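Okay, so here's the structure we're looking at.
Just so you know, all these numbers are worked out from the coordinates, no wet-lab data involved. These numbers were taken from a predicted model, which means no experiment stands behind them. Heads up, the Cβs are rebuilt from the backbone with ideal geometry, glycines too, and the neighbour counts pull from every protein chain shown.
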């Protein structure tokens, strides 16, 4: 069952469980844990939670990963009453929430734009003696930048560096994107340059972030230079790259440039999106 869950083959897992029942084999706490995870994969967290309560009443406590799966599922649906209840249940059952549990909660809160609650949980994590890692810092920085709370994002950026945690490409991209969103053009370009100097930035995702930021802030000439740089380095532009440039040029009234890029998009064999057509029509 474990391998079926890892492979996200819920159909195989249910077949195995059915075979177990037919053979009269009673599942242990791990088996029930796999069933809970399967329900979550099927977007039926309520059923998974019901099953969890049944095994807890029977005096059996599953691993943290089972709680984490349920917490993640309830975070996605915005059911934070259930998330809070699960956290309290974990603590009551001496199954303390770990760094991965908190990460799921913070990620969910940030996606729901619940900044204050995300910050409270993150600070509570540190108060409880946990040491946020690179992934956790990147999660909170990314969420705060998406909400344009750049001051808090910067604070955690410098805090992680002071603690000896080196930002990776995802952390850089998160903060740079936040800088673009808030119009901090010079700081965004400076941080991108720093990212490239230490060996990051040579990916389609990073180029897209910069090109979109430049286009959104009217710096079309610089964006075009980066686009040419991409192709020279053999980094393939995707539909996001083209859409950013097409939208940027068309909004500035430079329709011929936008149309040319649209034609190039087609020549590359990319499928235009609604945004692609909207700008050139």
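Some values worked out for this structure:
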item	result
Highest-fluctuation residue, 41, 147, 210 considered, GNM on the chain with Cα pairs under 10 Å	41
0 to 90° range, to nearest 10: angle between helix 204-216 axis and the chain longest Cα axis	60 degrees
Residue of 91, 32, 106 that the Gaussian network model of the chain assigns the largest fluctuation, springs spanning Cα pairs under 10 Å	91
The chain: calculated mean residue ellipticity at 222 nm from DSSP helix runs of at least 4, using -39500 (n - 2.57)	-23000 deg cm²/dmol
Neighbour-count order for 205, 222, 105, fewest beta carbons within 10 angstrom listed first	205, 222, 105
Angle in degrees between helix 150-162 and the longest Cα principal axis of the chain, rounded to the nearest 10	70 degrees
For the range 122-281, convex hull volume per residue from C-alpha positions, Å³	121 Å³
Global geometry of the range 77-140, whether rounded, prolate or oblate, following the gyration tensor of its Cα atoms and the 1.5 cut on a/c	oblate
Overall dimensions of the range 116-174 by Cα: Rg and Dmax, Å	10.6, 29
For the range 183-260, fraction of C-alpha pairs farther apart than 22 Å, in %	19 percent
Relative contact order [Cα under 8 Å, 6+ residues apart], the range 87-221, whole percent	17 percent
Nearest-ten-degree value, helix 134-146 long axis tilted from longest Cα axis of the chain	60 degrees
Scaled radius of gyration (Cα, divided by 2.2 N^0.38 Å) that the chain gives	1.25
Viscosity 1.567 mPa s, 4 °C: Kirkwood-radius Stokes-Einstein D of the range 26-174 over Cα pairs, µm²/s	80 µm²/s
